[in-house]
């Protein structure tokens, strides 16, 4: 009877487990395995050549393109962590006050995140590109008498990556905004009240109450930003169309290119593992940080749902 | 409060509104520009940069739907989104219910594996999915794509639903059990209806996710007639890059449904993000 | 290129009417979707009876070695080589593996060329006249010299889709052949001549000179070929570097465009200018198919003079069958003249490592962007070349 019941219960998770096994677990080990092989994706898999750690050695020692892509993604991530998240934070603080049209702002700020990277990339390309776009930004600069700032933003390798990063931030800040706002709303109003009674000014209140209490949320947003941004690449396809001589190459774009253009399936798997490991390490470090922050702010309770 | 304080507050509020409004404008301007451009012609698109075209040209939509075959891609996207979301709702709620309420050996370990999967990124897993789906003869099929998309949404949805079921009072289930309801019956008649608010979150986020997905569609489909909108847009750009109004019509067709869906289900998004932003 | 779909449909219809055999063409675009498709089909053992392989020779060899492609030599040589003799030798060469080739493939012909593509420079006749030139530039110096006038006239010089590596590769190779000759280029690929050789530096320097003279279009390294085509078709650019498929493209964008094809202007008198050309697409027969003979008979019919002429006319592509040439449009005929001075990496018996090609192309992009000097790029490419050569020797093949 007990066994029957257990079997019955397994039936509940069976669909999830089988899909998960086939489309996650098997590919996971498959990627691991393939990363030790040299395989062009044409001949049968059994004809692939085992190269041991050869692919990883090449990644670490001889693949400047990969590390350039990493640096590029790092730069985009840096801008997302600073510009995008600070903007999101400021907007959230602004909306946390008793202010009119709060819901309207909340509605609008989350529109960019719901759009696909393809759509965002293509629309922005059309807005800022010189060659095949209307370049509204440059027209605006010209009209504002700032003609000296007119620039071919996407075509100049010096500005292309930062342009990508800013469009990426435009698309992404809504996430941070909503999470921050939810976090801010959990801070009891009495704390602010008490601080005012104690004579603290707005800046002191912000520094001594808002930021510390929000620390776990800030770290959460930072982790999500890093994980999301380091793996982003579709936006670049829509916006720039390619790697622009390496100036806008990012890791996942490299993986895709290595697989499709150079037909090095094994090597592209090794690249994927390399990136995955780096991301896991970063998350762990941040997780450790957030635990410490949590310990420091014991008052902080879980963010309740609305 | 003194007049000084009141007027200071008014100034601060005005400044805050200006800041918020400026950001809001940058959020919607590109979209308005996209829609406006889709009604212009190749001749006026660069000269007439206003947001309200002097003359509305609907033929771009007609062309996108006929020559660009966007009608088909649109239906494909709808089909994939609906199928994958339905699949995720049923499969993940079944599993979440079991993880929360039912007993079986290995329960915690299996759940932990699901959660670990949510945390550990495997960039480039599309390489192995390509090979694997090919072996299973699921590449370049709708089923293969739908199963992949179900898999993508599974872990997070199970996590959200399990968290909800854990907090759900047991009384109703007990009553149903006494009435002779089977486990499956309880899931269907009690747990599922009760979890409606969380299901809404699961539905909206997965719908966004599937509708906007590009990479797997790139890897899985070669046949044009199976492609969803995002994939087709990139093809479309290759063919019609220089026909901007047509491209903008294609983009509008792709973006509009999701914006409408968002406007209707906005509050569930806020809720989903608030519950720790798990869908990052 | 799916703009050929209606023509292929029509041919299938004609063939069915004639023989009762139903042929189903499936066309895929863009080409990367197709090469992904055919690779997957090979792995999944579900290749159709006839298929194309749009990949580098090295990958083509992998397909053959894995046993997917039928050796067509016996059929080509039937009845006194009747079939073989219909084709331009240059077109057939793309599908041929010669004696002792470096890929280790058995000597033979493994594909049937359907059409020919050449990649050349084009010039806008009207714009050139407006600028005061009576003829296209004959030498590279003359070409560079036009940069100033083009700038003044607020036009673009040379446009091409150089965000994609292969068009750059092709352009560089044309001049490599012109400056050092075929033998030395191939010797470089074999690893006998380094990329740091003065001749290679000279090839790379051409890009720097083009950049400095202003003859290159602005943002050419971020240009998608479609954009380049539009600029040329709209008479905003004087020169284009593009494949012969562009005839159809320009025709649809601007039917009145008055242009002609030319060989790139010579940078040296030592060796003739060579452009890339050869089979644009080829069909291979599935070696594991049950319908091999039917497939071959169909391909023989498809490459017959009449069908080839129809295909050329309907798609504005050069036919692979040399007997169908008389009936094609004038501009296209201009392209066909270049067949004699054409070559293609796929007809050389060696091929460069993809990563070396990538580094060369990226290096050239960097030169055009003003970030690296030709000497630096040459050194970088050579470093990667040496690494790959060492790896090849170390690995069991």
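Where a number appears in this text, it was derived from the coordinates with a stated rule and is not lab data. All values derive from a computational prediction rather than experimental measurement. Here the Cβ is made from the backbone with ideal geometry for all residues, glycine too, and neighbour counts use every protein chain on show.
Observations, loosely collected:
- Sites residue C:66 and residue B:48, calculated FRET efficiency, Cβ-Cβ separation with R0 45 Å, nearest 0.05: 0.20
- Sequence ranges B:96-102, A:220-226, ranked by mean other-Cβ count within 10 angstrom, highest first: B:96-102, A:220-226
- Bridges between two residues of chain C, per DSSP, are antiparallel at a rate of about 75%.
- Taking a point 7 Å from the Cα of residue C:270 along the Cα-to-Cβ direction, the residues of the stretch C:186-223 with backbone N closer than 19 Å to it are C:186-209.
- When you restrict to C-alpha pairs under 8 Å that are six or more residues apart and normalise by the size of chain C, the relative contact order lands at 26 percent.
- Using the Cβ-Cβ distance between residue B:116 and residue A:5 with R0 set to 45 Å, the FRET efficiency from 1/(1 + (r/R0)^6) comes to roughly 0.95.
- Whether chain A is rounded, prolate or oblate, judged on the alpha carbon gyration tensor where a/c under 1.5 counts as rounded: oblate
- Fluctuation leader among A:78, A:110, A:28 - chain A, Gaussian network, Cα springs under 10 angstrom: A:28
- Peptide A:215-227 - average C-beta neighbours from other chains (10 Å radius): 2
- Most mobile of B:264, B:39, B:90 in a GNM of chain B (Cα contacts under 10 Å): B:264
- Under the shape rule built on the C-alpha gyration tensor, where the axes satisfy a ≥ b ≥ c, the stretch B:11-82 is oblate, since a/c reaches at least 1.5 while a/b does not exceed b/c.
- A crude spin-label estimate for the pair residue C:349 and residue C:141, with each label 7 Å from Cα along the Cβ direction, gives 3.9 nm.
- Mean Cα-pair separation over length for the stretch B:3-57, i.e. relative contact order, pairs under 8 Å, 6 or more apart, %: 28 percent
- Taken along the Cα-to-beta-carbon direction at a fixed 7 Å, the label points for residue C:190 and residue B:267 span 7.8 nm.
- The protein assembly as shown - share of DSSP beta bridges that are antiparallel (%, nearest 5): 80 percent
- Tilt relative to chain C, helix C:5-19 - C-alpha long axis, 0 to 90 degrees, to 10: 20 degrees
- Counting Cβ atoms of other protein chains within 10 Å of each Cβ in B:208-214 and taking the mean gives 4.
- Folded to 0 to 90 degrees: helix C:31-43 orientation relative to chain C principal axis, Cα: 40 degrees
- If the segment from residue C:46 to residue C:254 were pulled out straight at 0.36 nm per residue, it would be longer than the present Cα-Cα gap by 70.7 nm.
- For chain A, a Gaussian network of Cα nodes joined below 10 Å ranks A:173, A:191, A:56 by mean-square fluctuation, and the top entry is A:191.
- Overall form of chain B: oblate. Here a/c, set by the Cα gyration tensor axes a ≥ b ≥ c, is 1.5 or more, and a/b is not larger than b/c.
- Mean separation of Cα contacts under 8 Å (6+ apart) over length of the stretch A:1-159, as relative contact order %: 8 percent
- For residues of B:229-239, the mean tally of beta carbons on other chains within 10 Å: 5
- The C-alpha atoms of chain B define a longest principal axis, and helix B:3-38 lies at about 80 degrees to it.
- The simple Förster model, with R0 at 35 Å and r as the Cβ-Cβ distance, assigns residue A:86 and residue A:198 a FRET efficiency of 0.80.
- The label-point distance for residue A:46 and residue B:182, in a model that sets each label 7 Å from Cα toward Cβ, rounds to 4.4 nm.
- Once you reduce the stretch B:104-157 and the stretch A:89-163 to the center of their Cα atoms, the two points are 35 Å from each other.
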